Amino acid sequence: MSQRHTYAAVNYVPECEQATADQVFDILERWRKRTEEHFTNRRRDLRFPYPHRALVVVGVAPAEGSKGPAHVVVKVQTRNLSCGGVSLLAAPIYVPQEAIEGAPFLSSERLFAAGREISVGLPQPGEDVLWMRGTIVRSRVVHFGFRECGVSFVARHCADAEN
């Protein structure tokens, strides 16, 4: 069954400067190049570099008495992509893109916990976005409080279908 993205969601952006995210990305890439031949880095599917900004739709439970959103859309950095999943780099804190009453700051620890199901919007050539559903299978803190998350794809969202 296909699904459309019709979320009434609040858009969130990283609280930090893009230069900080780029620095963390570069550190992780240098580490990957030094250790990529180690057996612990072997994966079932071949990974390809995919250094893009992606959108992630996450369901959040509002705090008691809060009128916060049920879904948020956060902007994250992708690291690599395979047919089975994607690696994401999430900032420590996310803030609403526009000032909205009742929209709290959100921590990546809360948003990107292992086992959480998310939707990932991967940028494609042009202005298209490929939406995939996935489960976070790994979430670890790396440099400057950023989280590196491994997402295993479970399905593709088809925007064309109505059922």
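Observations, loosely collected:
- Unmet requirement for residue 35, which otherwise passes all of (1) of a type in the set (Ser, Thr, Tyr); (2) at pLDDT 90 or above; (3) more than 19 Å from residue 145 (Cα to Cα): (2)
- Considering segment 47-65, the residues that are over 29 Å from residue 126 (Cβ atoms) and surrounded by 12 or more Cβ atoms within 10 Å (Cβ to Cβ) include one that is modelled with the highest pLDDT, namely 60.
- Considering residues of segment 83-134 that are of a type in the set (S, T, N, Q) and in a strand (DSSP E or B) only, the residue farthest from residue 73 (Cα to Cα): 87
The values are calculated or read from the model by the stated rules, or taken from the named source; none is laboratory data. Source: prediction; values computed, not measured. Every residue, glycine among them, receives a Cβ derived from its backbone with ideal geometry; neighbour counts consider all protein chains shown.
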